[in-house]
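The values are calculated or read from the model by the stated rules, or taken from the named source; none is laboratory data. Owing to the predicted nature of the structure, the values given are computational and were not obtained by experimental measurement. Here the Cβ positions follow ideal geometry from the backbone for every residue, glycine too, while neighbour counts run over all protein chains shown. Please note that ligands, DNA and RNA were not included when accessible areas were found on the heavy atoms of the full protein model with its side chains. Shrake-Rupley method; radii C 1.70, N 1.55, O 1.52, S 1.80 Å.
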Protein chains: 2
Amino acid sequence: MSLLVTGSIGIDTVEAPTGKAVDALGGSGTYFACAASLFGPVRLVGVVGDDCPPGFLAPLESNPRIDLAGLEVRPGSRTFRWHGRYHDDVNQRDTLAVELNVLAEVGPTVPEAFRDSRYVFLANTHPALQIEMLGQIRRPQLVVADTMDLWITTERDVLMDLLGRLDGLILNDSEAQLLTGRPNVVAAGAEIAKMVRRFVVVKKGEHGSLLFADGRASALPAYPTPNVVDPTGAGDSFAGAMMGYVASRDAADAATLRKAMAYGTVTASFVLEDFSLNALAGVSRRDIDRRLREFRQASSF
Amino acid sequence: MSLLVTGSIGIDTVEAPTGKAVDALGGSGTYFACAASLFGPVRLVGVVGDDCPPGFLAPLESNPRIDLAGLEVRPGSRTFRWHGRYHDDVNQRDTLAVELNVLAEVGPTVPEAFRDSRYVFLANTHPALQIEMLGQIRRPQLVVADTMDLWITTERDVLMDLLGRLDGLILNDSEAQLLTGRPNVVAAGAEIAKMVRRFVVVKKGEHGSLLFADGRASALPAYPTPNVVDPTGAGDSFAGAMMGYVASRDAADAATLRKAMAYGTVTASFVLEDFSLNALAGVSRRDIDRRLREFRQASSF
C-alpha cells in the first residue's frame, strides 16, 4: 500500500571517534525513505534550498522506489544544516550547530498525486506543521508520527491535538518520560498508548525498543553490534523500515508491528556501521532478511 | 546436578518511592538460593552473626530445596547490614550505610558434604576469597562468578587470576565497561569472554541482558514491567534462576544459557514487584513458566 513520509532533507557534518563526514546527505526524511524503500515504494515530501551541490541528492534520485514528486527545491533558500559530535561513548552527542534555514520557512506542499496515500509517517517537526501536512492527505489508513523533547516542552497543547489524530507514535525513551513525567518507561509507554488510537513504539537506542499495542507491552533487544561508527539516522531508519514493512503487509496488528520493529532494528544496525547513508546504500533486502534471521536466532529461547 | 552458591546473607533496610522495608532478609546468597530453588536443590555457603532475630532466616530454613549445611552462625559476630535508598527513578540508588561486620572476618568453610558440588556460583566478594572458596570444591564442572566495580578498580590482578579459573562471569554493563575501558557494551562483553573459559553475561537491568558464548553475542530484553517496587536482589535472583536452570539441565551450551537467561529475566521480574523476598516467596515454578511463555510470545517476531 502507498506509503508517504514528510521529513527533513539536510546537510550533515558529523564528527565521531572513528572519523568525520563533512556536508553529507542526512535528514529524517532521507533516512526514512531510503530504509522504507527496501520494503516497497515510498513517497517523500520535503524541501531543500538551491544550495545542494550537484549530485548531493543522488542517493534519493537514483533510487527507483523513492518518488520525489513531493521534493521541493526552493530558489533563494538554503538547505537545513546540522553539525554534531559524538563522544567516545557514541550514545552521547553534542549538537555544535544547527541552521534551520528552509525548515523555518513555510512547509512543503503534498502534491496532488500523493494525496491518496494510505500509510503516512510524519517525521519530527513542529506539531502544527505535522497537523497541516496530515490535513492534506485525503483518507489515510494508518498515520504515525515522531516528535521531540522541544515540542513536548514548548508546544504541549498542539502536540496533544496531534496525538489524538495519530494511529501510532514513535519516540525515544527520554521523550516518553518527559511527556508523561514517569521514570518507568513501560509505565510511560502504556500511558502514551492511551493518547493515540492504536500503538506506541519507544526507542531505546542500543537497548532496543518497546511496543505498546492492544493493552500490552512487548520488548525487543537491539541487534548486538560492537561496531558503531555513526548513529545519526538510526532512529529514522528504524521508523522507515518499520513503516515500509507495515505498508508492504497492509496490516498493523501487534504481531505485524513486532516483526516490523525487528526489521527496523536490523535496518538501523546497518545504518550505524558507517557515516551518512554509506552503509545503507550497499544493503539489499536479502542482507536485511539474513540479519533478521540471525537476530531472531540469537534472541530466541 | 548439584549446585552450590557462596554469597552473603544480610539485614537490609531499603527505602523506595513506594515504601520502606526495615531489617529485612537480603544478601546475594539469599536471593540466589531462593531463586535457584525454583529449579532444583541448592547448597548455600555463607555466614551470619548471632544477632539475627528469631525467624529472620525462615525463608531459607523453611525451603526444603535449600541445604543450609554451609550456613555458619558465628557467635559474637554481627551480621552484614546494608541500608539503601532508591530514587524516583528506581534505576538509581544511594547506599546510606554499610556494615560489613562478619563479612570482614574470615570466610565460611565449605562443608565436606558440599565439596563434590558440580555447579558452583561465587557471588560477589573479594576475588581472593572467591578463589579460596573455589579451591575447596574438588572437581567442579561449571564455575560462574559475579564481581563488582570495587574489585575491578582495586584488585585487578587477583580478579584476573579468578577470571582465568571461571567458566562464566555474570556482571553489570557498567562493570563490563570499567573492566575493559570500552564504552560499547557488546565490544566489552566480547573482550571479557576471552578472559574466561566459556561465557559472559552482561546484565543491563531494565534493558535486559547480553550473552557472549561461542564467539557470538545474543541479546534478551527485560520483561517489560511497569510495577517496580524494589530492585534489590534482582541481579542475584537472575543469576540464581539462571544457574538453577543450567544445573537442572546439566548443560551449558549457548541455547541452554539463553533459555537460562530468560528464566533469570522472568524470575527477577517477580522479585522487584515487592520488598525483600516477599514477591518471590509466593511464586511457584508454574508462575515462572507461565510468565516465560508470555515473555517469549511478547518478544517473538
GNM result for chain B, Cα springs below 10 Å: residue of B:Asp230, B:Asp89, B:Asp253 fluctuating most strongly: B:Asp89
Computed over region A:176-258: relative contact order in percent, which uses C-alpha pairs under 8 Å that are six or more apart: 18
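Considering only protein heavy atoms and a probe of 1.4 Å, how much of the accessible area of region B:35-175 is carbon and sulfur, as a whole percent? Display every interim value, and only then the final one.
On the way: 3250 of 6420 Å².
Ligands and nucleic acids excluded, carbon and sulfur give 51 percent.
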GNM result for chain B, Cα springs below 10 Å: residue of B:Val266, B:Val98, B:Val229 fluctuating most strongly: B:Val98
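Can you give the alpha-carbon Rg of region A:142-301 over 2.2 N^0.38 Å, where N counts its residues?
On the way: Rg = 15.4 Å, N = 160, 2.2 N^0.38 = 15.1 Å.
Here the answer is 1.01, to two decimals.
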DSSP-loop GluC sites (Glu not before Pro) across region A:55-114, with at most 16 other Cβ within 10 angstrom: A:Glu105
Between region A:4-39 and region A:183-223, the alpha-carbon center distance in angstrom: 25
Percent antiparallel among DSSP beta bridges (both partners in the protein assembly as shown, rounded to 5): 40
Copies compared at A:Lys20 - label distances in nm, ascending, label defined 7 Å from Cα in the Cβ direction: 5.5
At least 30 Å² of accessible area lost relative to the chain alone, listed for region A:166-188 with a 1.4 Å probe: A:Pro183, A:Asn184, A:Val186
Candidates A:Thr95, A:Thr79, A:Thr125, ranked by Gaussian network fluctuation over chain A, Cα under 10 Å, top entry: A:Thr95
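Could you work out [θ]222 nm for the protein assembly as shown from helices alone, using -39500 (n - 2.57) per DSSP H run of at least four and dividing by all its residues? Round to the nearest 500 deg cm²/dmol. Before the final figure, lay out the partial values.
On the way: 22 runs with 209 residues, N = 602.
Counting only the DSSP helices, I get -10000 deg cm²/dmol.
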Across the identical copies, how the A:Asp89 labels are spaced - nm, sorted shortest first, 7 Å along Cα→Cβ: 1.1
Accessible area in square angstrom per residue, the protein assembly as shown, 1.4 angstrom probe: 39
Hypothetical label at B:Asp116: residues of region B:58-87 whose amide nitrogen lies under 14 Å (7 Å Cα-Cβ projection): none
Contact surface B-A: accessible area buried, both sides summed, square angstrom, 1.4 angstrom probe: 2800
Label 7 Å beyond Cα on the Cβ vector: B:Ala255 copy-to-copy distances, nm: 2.3
Positions from region B:244-279 whose accessible area shrinks by 50 Å² or more when the full protein complex is built, not the chain alone, probe 1.4 Å: B:Arg258
Among beta bridges that DSSP assigns inside chain A, antiparallel share in %, nearest 5: 40
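Compute the signed sum of charges (Lys and Arg +1, Asp and Glu -1) over the other residues within less than 14 Å, Cβ to Cβ, of A:Arg198. Kindly include the intermediate steps, with their values, before the conclusion.
Details: positive: A:Arg165, A:Lys194, A:Arg197, A:Arg216, A:Arg258; negative: A:Asp167, A:Asp214, A:Asp253.
Taking every Cβ under 14 Å from that of A:Arg198, the sum is +2.
Restricting to region B:150-301, what percent of DSSP beta bridges are antiparallel, rounded to 5? Please report the intermediate quantities before stating the final value.
Numbers: 10 of 15 bridges.
So the antiparallel bridges amount to about 65 percent of the total.
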Closest Cβ on chain B to the rotation axis that carries it onto A (distance rounded to whole Å): B:His207, 2
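For the cross-link pairs A:Lys20/A:Lys259; A:Lys204/B:Lys203; A:Lys204/B:Lys204; A:Lys203/B:Lys203; A:Lys204/B:Lys20, which exceed 24 Å when the distance is taken from alpha carbon to alpha carbon? Show your work: numbers first, answer last.
Details: A:Lys20/A:Lys259 33 Å; A:Lys204/B:Lys203 16 Å; A:Lys204/B:Lys204 12 Å; A:Lys203/B:Lys203 19 Å; A:Lys204/B:Lys20 30 Å.
Too far apart for the 24 Å limit: A:Lys20/A:Lys259; A:Lys204/B:Lys20.
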